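Structure first, then comments.
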Amino acid sequence: MTSESTPAAKPTITRHSSDVLIIGAGGAGLRAAIAAREAGKTVTIVCKSLFGKAHTVMAEGGMAAAMGNVNPHDNWQVHFRDTMRGGKFLNNPRMAELHAKESPMRVWELETYGALFDRTPEGKISQRNFGGHEYPRLAHVGDRTGLELIRTLQQKIVSLQQEDKKSLGDYEAAIKVFAETTVTTLLMRDGTVGGAFAYQRATGDFHAFSAPAVIIASGGIGKTFKVTSNSWECTGDGMALALRAGASLINMEFIQFHPTGMVWPPSVKGILVTESVRGDGGVLRNSEGRRFMFDYVPDVFRDQYATTEEEGDRWYTDPDNNKRPPELLPRDEVARAINSEVKAGRGSPHGGVFLDIASRRSAEFIHRRLPSMHHQFLQLADVDITKEPMEVGPTCHYVMGGIEVDADSQMTSVPGLFAAGEASGGMHGSNRLGGNSLSDLAVFGKRAGDAAADFVDGLAGKGAPEFSDAELAGFAEQALEPFRHVGEQGYESAYDVHADLQQTMNTLVGIIRKDGEIREAIAKLDEFDVRAGKLFADGPVAFNPGWHLCFDLHNMLLLSHCIARAALLRTESRGGHTREDFGGMNAEWRRKLLECRMDGDGVSVTEKLAPPVRPDLMALFERSELKKYFTDAEIDEAAAAGTGPAPLEGE
């Protein structure tokens, strides 16, 4: 770039090389980096925002792990059951199993790195209740657990760099971080990944990162929707990069709308209100003051939830003899219930419902357990949650779909390309339980880092494929294309297209969907594709968010096609996918995943069989429960294996 920070006639490109390149510096990316470095590999971390400011910091409630510190009845089998139930049995069962088994070790490991979890009176790591979890399971640091996770992992990275300084003479000899750097394309040769091409947001300078193993840990797609809890980074970059490189995406129709986001004032609409409020005793009320969630317990969960307010309240102090309150149903159920109350005219003044903890817990309790929530509402909405209820409503929070990976190694179908965290798909099925995200990051981040190191070892020193200066210059020229069309007729700002995309996805492919509206959305997406092909960026290359959004927009558009087309094909309602015209679950659809792949410049969506649940894992459930999700043939097949579910009494 020139000294004036305008596009140069011949952009300069700086080359870098390492064994493992990690795209994303959230919980999954940092844990992968630690694993790869501890395996003896050199690591490059590229992150879109400031180092230490990944979207993981927005995870507030806790990290789910069956340690049994508060209730000794908890164990990995119960955690596995809860995860499968929450995902409506569409989860990859091997991923759910690994997650349930390995989460406790990842939590204890964080303690050795310096994490300061809240404690029980006995001095153990404290665990709190959360929606969909049978027992108190979330290790927490007040209501800012994600921030502590990032702080701890970041400090571990620094400690590894300090060790490298002592042994190698340079802090960045083996781990180098490139903050505020956006990847525009993966470097591919003959179907194999060889690194990535990127630019630094602050300067516009280009960088080529060479690595035989690449881990995508870049998070989700929330900024595709108008109302979201996600920060500006979440534009689906990693998923789109992998899709264009030849990998497949799965489960993209399943979008989690967290039931409790702020609804007022408009400037803060969508900001997350942690599930910890409900886990610690908060209840949902409509405009009539009634706890409406008792009206919305679905049949598949009816045996596990209280039928009266009195029983639900007793559960907080005597969970062994009472059933949990329905405010702690999985997120998809609560979000739909709130949506129904608002549509029925029983919402709050600003289009949500009331979340009340003020009448149920002391001010001291709220200050101690929910300090961030108290500060957030006081500063942003002038509401003191120790004295009055909050107004909340659904907000786009998480995508259950993502890059299709091998459950054990996190490798994609592209040799050398791995994915972990929210960028990967399968673990959560059709709906994620709160708290499972932070433990997912740690479990599969480590697995991805270990597997990437093993992959590099298997190359026996072969290294990454090489790319010529001319090839890299072509990527730079392509990136600078929007600057060449300032003032040209027919070209427009990415901001205008993005605003229309967000409105379309929120309105037509949002929390409730139906055939005609999805088809309308697809037609609009085709129109947006044409508009996105004629974008301009004005001004310098340094600190130019209009230019940055040109890249983000193409990624969000590509993934929106995946979401809408998969939503049209899945003619049932399950988890984070609700069809008004197909209201119930269908056992035949439980056996199917929808897989997205590139098809020319567009995407194709096809059915594939979901991985089967092993008979020994099926045996963890009663046959009566399995009949709500599985076909009779699947249940009989598991029973015939000898370790399947036992027949009901009387059969």
- Long-range amide H partners of Val177, meaning residues 5 or more apart or on another chain whose placed amide H is closer than 5 Å, are Ile45
- Note on the structure: segment 21-179 accessible area per residue, 1.4 Å probe, protein heavy atoms, integer Å², reads 33
- DSSP-loop chymotrypsin sites (Phe, Trp or Tyr not before Pro) across segment 207-240, with at most 14 other Cβ within 10 angstrom: Trp232
- Of the listed peptides 295-301, 233-239, what is their order by residue-averaged count of other C-beta atoms within 10 Å, with the highest listed first? 233-239, 295-301
- Query: Under 30 Å from the Cα of Lys165, which lysines turn up, not counting those fewer than eight places away in the same chain?
  - Reply: Lys41, Lys48, Lys53, Lys156, Lys176, Lys446, Lys462
- Message: What does the C-alpha gyration tensor say about the overall shape of segment 68-109? Classify as rounded when a/c is under 1.5, otherwise prolate if a/b is larger than b/c, or oblate.
- Response: oblate
- Solvent-accessible area per residue, Å², over segment 350-466 with all protein chains present [probe radius 1.4 Å]: 32
- Item | Karplus-derived 3J(HN,Hα), 6.51/-1.76/1.60, for each residue of segment 598-605, Hz, glycine and proline x | 5, 9, x, 8, x, 10, 10, 10
- Query: In whole percent, how big is the carbon plus sulfur part of the accessible area of the chain, probe 1.4 Å, protein atoms only?
  - Reply: 50
- Where does helix 469-479 land angle-wise versus the long Cα axis of the chain, in degrees 0 to 90, nearest 10? 60
- Message: For the ranges 330-339, 469-478, what's the packing order if you count other beta-carbon atoms within 10 Å of each residue, average per peptide, and put the highest first?
- Response: 330-339, 469-478
- Item | Helix axis angle, 494-508 relative to the chain longest principal axis, alpha carbon, degrees | 20
- From the backbone phi of segment 231-236, what are the Karplus-calculated ³J(HN,Hα) couplings (6.51 cos²θ - 1.76 cosθ + 1.60, θ = phi - 60°) in whole Hz, Gly and Pro given as x? 8, 4, 5, 7, 10, x
- Note on the structure: From highest to lowest solvent-accessible area (probe 1.4 Å; ligands, DNA and RNA excluded), Thr504, Thr42 read Thr42, Thr504
- Item | 222 nm mean residue ellipticity, helices alone, for the chain (DSSP H n ≥ 4; -39,500 (n - 2.57); rounded to 500) | -11000 deg cm²/dmol
- Which whole-angstrom value gives the distance between the alpha carbon centres of segment 362-416 and segment 252-293? 10
- Query: Once you list every other residue whose beta carbon is under 15 Å from the beta carbon of Ile175, what net charge do they have if Lys and Arg are +1 and Asp and Glu are -1?
  - Reply: +1
- Query: How much solvent-accessible surface does Arg565 expose, in Å² to the nearest 10, with a 1.4 Å probe and all protein chains in place?
  - Reply: 70
- Message: Suppose all protein chains stay in the model; what accessible area per residue would a 1.4 Å probe give for segment 264-349, in Å²?
- Response: 40
- Query: With axes computed from alpha carbons, what is the tilt in degrees of helix 545-569 against the longest principal axis of the chain, rounded to the nearest 10 within 0 to 90?
  - Reply: 50
- Message: Skipping prolines and chain starts, which residues have an amide H placed within reach, meaning under 5 Å, of the one on Gln256, given they are 5 or more residues away or on another chain?
- Response: His397, Tyr398, Val399, Met400
- Fully extended, how many nm does the chain gain between Ser167 and Asp190 (0.36 nm per residue separation, minus their Cα-Cα distance)? 4.5 nm
- D (Stokes-Einstein, µm²/s), Kirkwood Cα radius, the chain, 1.002 mPa s at 20 °C: 85
- Query: If you average the sequence gap of Cα pairs under 8 Å that are 6 or more apart and divide by the length of the chain, what percent do you get for the contact order?
  - Reply: 20
- Round to the nearest 10 and report in Å² the accessible area of Trp76, as given by a 1.4 Å probe over the protein chains' heavy atoms. 70
- Item | Residue-wise HN-Hα coupling along segment 172-189, computed from phi with Karplus coefficients 6.51, -1.76, 1.60 (Hz; x: Gly, Pro) | 9, 5, 10, 10, 10, 10, 10, 7, 6, 10, 10, 7, 9, 7, 7, 7, 10, 9
- Taking Cβ-Cβ under 4.7 Å as the only way to count a partner, pick out the unpartnered cysteines of the chain. Cys47, Cys234, Cys396, Cys550
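The values are calculated or read from the model by the stated rules, or taken from the named source; none is laboratory data. As the structure is a computational prediction, the values presented were derived from the model and not from experiment. Methodologically, a virtual Cβ is constructed for each residue, glycine included, from the backbone with ideal geometry; neighbour enumeration extends over all protein chains shown. Calculation scope for accessible area: heavy atoms of the full protein, side chains included, ligands and nucleic acids excluded. Shrake-Rupley method; radii C 1.70, N 1.55, O 1.52, S 1.80 Å.
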